[in-house]
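Encoded as structure tokens, the structure appears first; notes follow it.
The values are calculated or read from the model by the stated rules, or taken from the named source; none is laboratory data. Quick caveat, the model's predicted, so the values are computed rather than measured. Methodologically, a virtual Cβ is constructed for each residue, glycine included, from the backbone with ideal geometry; neighbour enumeration extends over all protein chains shown. The area values use the complete protein model at the heavy-atom level, side chains included, leaving out ligands, DNA and RNA. Shrake-Rupley method; radii C 1.70, N 1.55, O 1.52, S 1.80 Å.
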Protein chains: 2
Amino acid sequence: MPKLGMEPIRKDALVKATISEIGRTGSLDVTVSQIAKRAGMSSALAHHYFGSKEDMFLAAMRHVMTIYGAEVRGALSVAQTPMDRIEAIVVASFSPANFRREAVGAWLNFWVLAQTVPQAKRLVAVYQRRLKSNLLVGLRPLAGARAETIAEGLGALIDGLYLRQVLRPGAPDGAAAAAMARDYLAAHLGAEPLQTMK
Amino acid sequence: MPKLGMEPIRKDALVKATISEIGRTGSLDVTVSQIAKRAGMSSALAHHYFGSKEDMFLAAMRHVMTIYGAEVRGALSVAQTPMDRIEAIVVASFSPANFRREAVGAWLNFWVLAQTVPQAKRLVAVYQRRLKSNLLVGLRPLAGARAETIAEGLGALIDGLYLRQVLRPGAPDGAAAAAMARDYLAAHLGAEPLQTMK
DNA sequence: AAGTTTATTGACTCGTCAATCAACAAAAAA
DNA sequence: TTTTTTGTTGATTGACGAGTCAATAAACTT
């Protein structure tokens, strides 16, 4: 009994189901049928709304990044000082949500996807640019000319710490990761604003 | 015309072919037949020597890590000072070899594999421990009690910088990554050996 | 010489899966 | 009311793939 305006609802359900299934299997080795089943429809319908499985992956990727982006934006909106802003980004990056099985599966597998699907690589690049630019807003008042380099380094450190927590045996420790990031900041900000020699 | 003692030769060929194919496709979505073909044998023979495809993946993973380990060990063997040691590890980690398509494909996909295959997770953990311990040897004379934290952070930073170079559009810049790692060191060593307050 | 171990493959089994299609149903437009 | 658009699925296509097996053959053992 077809109700109209199903498209966005179905697509949304499929995107979420895609992420769930990637998290469940830990890989991109999920079938359209599995996804469709979890989203409560036939695989044919999934193919109807998304032309191909790859399109579903890309939509799922955008969704994960949107969620993360919203989390960061929410945290930033209550930040007062520049330091607050950086702290907000760090905390959001290591929030429990990002360590859920689905999120982990999504990120790792999207990195893999980025190797071969240009569209996916572009999305990853967008994420990296946005992270850096968010960090810069907080860093420039604190570090001036060195802000660029510090933002680059802190961005990489956040990714690296995340990766390590995820690959570590046992439960990930977001707080420890955040502490390391703060340490990095302290060393780069507190120490040598005067060091100019290369 | 069976010559004896083929096993190690065949296995070696399969391992290398596995890495090649993973690099070529950028994913673990490679068939045993593709691997076997590239290694110059039938897929049945591949199954004869390795029981399953997963076994081939794990063997390939060990091989990649062995290569990297050898590279690091070689660089360390000529290091004189503690600082030399750290520098050697950094340079080796961002060597062109590690940015070859095969190496990139291997690392990214092995991270994914580690999510679901405990054996793979263990191998990743071994790599992380070894990196940290190598860094520690160089860091302890320079940083004393803070060596632990710095090694942890530098290890994560190296992974994060690697990831960023790999995902960046365009050719990766190992030298830039190494420079960032040095920057991290400088900030953590040169600055506040006296800072004790939390 | 007979028996055993090692090397090797073509053919096959059993299964999966992405994508398509024909067909049906209901709402909206004409 | 007829037509068009939107929603929906069962069935099918066409292809591929991991792992097994029987069979063949060379080399080594006894």
> Can you name the residue in region A:73-96 that is free of Cβ contacts under 8 Å to residues at least 24 places away in the same chain and either assigned to a helix (DSSP H, G or I) or touching a strand residue (DSSP E or B) at 6+ places or on another chain (Cβ under 7 Å) (or both) and, of all such residues, is nearest to B:GLY26 (Cα to Cα)?
Replying inline: A:ARG73
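Of everything in region A:80-96, what is among the polar types (S, T, N, Q) and open to solvent by 30 Å² or more (accessible area, probe 1.4 Å)? Give them in sequence order. First the steps, then the outcome.
First, the residues of region A:80-96 that are among the polar types (S, T, N, Q): A:80-81, A:93, A:95.
A:GLN80, A:THR81 - these are the residues of region A:80-96 that are among the polar types (S, T, N, Q) and open to solvent by 30 Å² or more (accessible area, probe 1.4 Å).
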> When you go through A:THR66, A:THR25, A:THR18 one by one, which is the residue that is more than 12 Å from DNA strand D (Cβ to nearest atom), more than 25 Å from B:ASP29 (Cα to Cα) and among the polar types (S, T, N, Q)?
Replying inline: A:THR66
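Of everything in region B:42-55 that's within 24 Å of the chain's Cα centre (by Cα) and either of a type in the set (A, V, I, L, M) or within 14 Å of chain A (Cβ to nearest Cβ) (or both), which residue is nearest to DNA strand C (Cβ to nearest atom)?
Step one: list which residues in region B:42-55 are within 24 Å of the chain's Cα centre (by Cα), which gives B:50, B:52-55.
Add one more test, that the residue is either of a type in the set (A, V, I, L, M) or within 14 Å of chain A (Cβ to nearest Cβ) (or both), and what stays is B:53-54.
Numbers: B:LYS53: 14, B:GLU54: 16 Å.
The extreme case among them is B:LYS53.
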> Counting only residues that are over 14 Å from the mean Cα position of the chain (by Cα) and either of a type in the set (S, T, N, Q) or not in a helix (DSSP H, G or I) (or both), which one in region B:97-133 is surrounded by the most Cβ atoms within 10 Å (Cβ to Cβ)?
Replying inline: B:GLN115
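Please find, within region A:44-72, the residue that is nearest to A:VAL126 (Cα to Cα) out of those that are free of Cβ contacts under 8 Å to residues at least 12 places away in the same chain and open to solvent by less than 60 Å² (accessible area, probe 1.4 Å). Spell out the reasoning first.
Filtering region A:44-72 down to residues free of Cβ contacts under 8 Å to residues at least 12 places away in the same chain leaves A:44, A:48, A:51-52, A:55, A:66, A:70.
In the following step, the residues that additionally are open to solvent by less than 60 Å² (accessible area, probe 1.4 Å) were identified as A:51-52, A:70.
Working: A:GLY51: 24, A:SER52: 23, A:ALA70: 14 Å.
The residue in question is A:ALA70.
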> Pick from region A:30-41 the residues that are open to solvent by 60 Å² or more (accessible area, probe 1.4 Å) and within 8 Å of DNA strand C (Cβ to nearest atom): which of them is farthest from the chain's Cα centre (by Cα)?
Replying inline: A:SER33
>> If B:PRO172 meets every condition in (1) more than 9 Å from every other protein chain (Cβ to nearest Cβ); (2) part of a helix (DSSP H, G or I) apart from one, which number is that one?
In response: (2)
> Assuming B:THR25 fulfils every condition listed in (1) among the β-branched types (Val, Ile, Thr); (2) free of Cβ contacts under 8 Å to residues at least 60 places away in the same chain; (3) surrounded by fewer than 19 Cβ atoms within 10 Å (Cβ to Cβ) apart from one, which condition is it?
Replying inline: (2)
